[in-house]
1. Quick one: which of Asp67, Asp57 is out of contact with any helix residue (DSSP H, G or I) (no Cβ under 7 Å at 6 or more places or on another chain), farther than 22 Å from Pro98 by Cβ and either modelled with pLDDT of 85 or more or of a type outside the set (A, V, I, L, M, F, W, C) (or both)?
2. Against the definition (surrounded by 20 or more Cβ atoms within 10 Å (Cβ to Cβ) and either within 26 Å of Gly114 (Cα to Cα) or at pLDDT below 95 (or both)), how does Val209 come out, yes or no?
3. Which residues, taken from the stretch 125-162, are in a helix (DSSP H, G or I), farther than 24 Å from Ala39 by Cα and of a type outside the set (Phe, Trp, Tyr)?
4. Considering only residues that are among the polar types (S, T, N, Q), farther than 27 Å from Cys256 by Cβ and out of contact with any Lys or Arg (no Cβ under 9 Å at 6 or more places or on another chain), which ones fall in the stretch 151-184?
5. What number of residues in the stretch 50-75 are within 18 Å of Leu92 (Cα to Cα) and surrounded by fewer than 14 Cβ atoms within 10 Å (Cβ to Cβ)?
6. Every residue in the stretch 95-109 that is surrounded by 17 or more Cβ atoms within 10 Å (Cβ to Cβ) and within 17 Å of Ala46 (Cβ to Cβ), please.
7. Would you mind stating whether Thr129 is open to solvent by 20 Å² or more (accessible area, probe 1.4 Å), at pLDDT 95 or above and within 29 Å of Ala91 (Cα to Cα)?
Amino acid sequence: MFEAAQPLREELVALETQMSSPDFHADAGRARKAGRRYAQLAPVIAALDEQQRLSDDLVAATELAADDSSFADEAAALAARLDIVNEKVTALLAPRDPNDACDAIMEIKSGEGGEESALFAADLFAMYTRFAESRSWKTEVLDSETTDLGGLKTVTVAFRAGGQTPSDQTPYGVLKFEGGVHRVQRVPVTESQGRIHTSAAGVLVFPDVEPDEIDIDEDDLRIDVYRSTGKGGQGVNTTDSAVRITHAPSGIVVTCQDQRSQLQNREQAMRILRARLAAQAAIEADEAASAARRSQVRTVDRSERIRTYNFPENRITDHRIGFKAYNLDQVLAGDLDAVIEALLAADLAERLEGAARHV
């Protein structure tokens, strides 16, 4: 494994040389890509160095233990630590989605269930923003449409990593498995008979990519402007500030009306369009990929029911991995760590299995 990792070491050294160049940051796009790649490689090389050191120490301790039994405990401790580091290295070297290091854009849309579905969409939005706060991520609402009871017909929110966020804990890599149908079972506030209803909201998660990372031909865009219909401040509902962008080749349609000016809405709509195109490109590139990889992509399909939130039992169930817990109140307060860690563990197992099949 040490020899196989040599190209990674050479790549890291090359990146360090580039990043120390005085003119490195003159090209913002190149600097961003190099910085992202460096953040991915640095922990891998650090883990490999630790693995090498522990392996050497274990060999030495084992040899000494043959002559002096007092070194046996040290050898056992080193072996235990090495097992942990070996697992860490295996996980770091497993094939990864190149977009995992990106920030994320999430769309939440109400579905079946009318007003109750919109209220549930608002609950999901609050849950994800609280989870983001717990990770010191920054959130930015790009577009939204509310209902009279305070629900959300739709909301688009961006999650951006904080300055101290580890490279393996960036928003898209953490949240990408949240895409799909989220079903709720509870007594709606609009229900007078106390009956439990089932409704659903859809979630989509995209990588938040920079303008120079997705090539969009302006001739492929149809841009329409119209008057905002949502609640807002002065000027929001009195001018044609809302923007609808249609990307002809893909058929993707994006609307944005939350910002105060047409220019701001256009910029945000283009940002959302880039994110959707990046996700679509990843899906198309993975059509011939392994079954494990395709299972990751499938989770962004809003037609697939992925999770149930059962209020009477205070239960959350993720149907893809059989995860079940009875702390729904805590989950809705933003404590998503357990279910997300279970999803990431299942994904890692699939990626390792897929890699083993191709060895």
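The values are calculated or read from the model by the stated rules, or taken from the named source; none is laboratory data. Keep in mind that this is a model prediction, so the values were computed, not measured. No Cβ is skipped: glycine too gets one built from the backbone with ideal geometry, and neighbour counts run over all protein chains shown. Accessible surface areas use protein heavy atoms only, side chains included; no ligands, DNA or RNA. Shrake-Rupley method; radii C 1.70, N 1.55, O 1.52, S 1.80 Å.
1. Working: Asp57 fails: out of contact with any helix residue (DSSP H, G or I) (no Cβ under 7 Å at 6 or more places or on another chain).
None of the other options fit; the residue is Asp67.
2. Numbers: surrounded by 20 or more Cβ atoms within 10 Å (Cβ to Cβ): yes; either within 26 Å of Gly114 (Cα to Cα) or at pLDDT below 95 (or both): yes.
So Val209 fits the description; yes.
3. Taking the stretch 125-162 first, the residues in a helix (DSSP H, G or I) are 125-134.
Adding the requirement that they be farther than 24 Å from Ala39 by Cα leaves 125-130.
The answer is Ala126, Met127, Thr129, Arg130.
4. Here is the first cut: in the stretch 151-184, the ones among the polar types (S, T, N, Q) are 154, 156, 164-165, 167, 169-170.
Narrowing the set further to residues that are farther than 27 Å from Cys256 by Cβ leaves 164, 167, 169.
Selection gives Gln164 alone.
5. Here the count works out to 1.
6. Ala101
7. Details: open to solvent by 20 Å² or more (accessible area, probe 1.4 Å): yes; at pLDDT 95 or above: yes; within 29 Å of Ala91 (Cα to Cα): yes.
Yes: the conditions hold for Thr129.
Conditions tested, residue by residue: (1) modelled with pLDDT of 95 or more; (2) in a helix (DSSP H, G or I); (3) within 21 Å of the chain's Cα centre (by Cα).
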{"position": "Thr255", "(1), (2), (3)": "no, no, no"}
{"position": "Gln264", "(1), (2), (3)": "no, yes, no"}
{"position": "Val297", "(1), (2), (3)": "no, yes, yes"}
{"position": "Asp347", "(1), (2), (3)": "no, yes, yes"}
